[in-house]
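Have a look at the structure below before the remarks.
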Amino acid sequence: MSIHESHGSPRPGSSMRTPLGRVRYLGASHSGTLDFWRQRVTAVALTLLIVPVVVVVLMLIGSNQAGAKQILGSLPIAIILLLFIIASTWHMKIGMQVVIEDYVHNEKLKLACVMANNFFSIAVALASIYAILKLSSGV
């Protein structure tokens with residue numbers, strides 16, 4: 001009985017990974033758990049940022065356009081909103097990509113959906129960031 005058989009470990013060379021995968025230490029997705037951790041980090045960031053964002057929204061209740069512009073033009077509020085926008089769009093992009101990769105089985109359609117998800121997420125982020133920067137600069 002060899003040492004591998006006595007300890008229940010597979011024999012050398014009997015791994016399910018390809019030789020290139022063993023060299024690179026990558027799983028089937030080729031990225032390991034990076035997206036998993038990114039989504040968790042953005043979730044924590046959103047959890048921390050939601051209270052200040054709700055406070056800002058409550059401050060905006062009942063104010064006219066000039067009042068809203070004054071509140072949203074404040075630098076600390078602009079920074080909080082920018083961080084919230086970046087974290088939420090990144091979280092949205094990762095979450096939708098996971099759903100697309102899990103449930104769309106046609107490879108061409110999957111590629112088109114992932115590309116559309118990326119473009120949509122970037123467009124939402126850029127439009128929101130532009131609006132906040134325009135309000136905070138007073139233009």
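Computed from the coordinates by the stated procedures, all read-outs in this text should not be read as laboratory data. This one's a predicted model, so the numbers in the text were calculated from it and none came from an experiment.
Values as computed for the structure displayed
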item: Debye intensity ratio I(q)/I(0), log10, the stretch 64-139, q values 0.12, 0.13, 0.20 Å⁻¹ (C-alpha model); result: -0.45, -0.50, -0.81
item: Per-residue ³J(HN,Hα) for the stretch 78-84, Karplus 6.51 cos²θ - 1.76 cosθ + 1.60, θ = phi - 60°, Hz, x for Gly and Pro; result: 4, 5, 4, 5, 5, 4, 5
item: Relative contact order [Cα under 8 Å, 6+ residues apart], the stretch 63-139, whole percent; result: 50
item: Cross-link reach list, lysines versus residue 110, counting only Cα pairs under 25 Å and skipping chain neighbours closer than eight places; result: 93
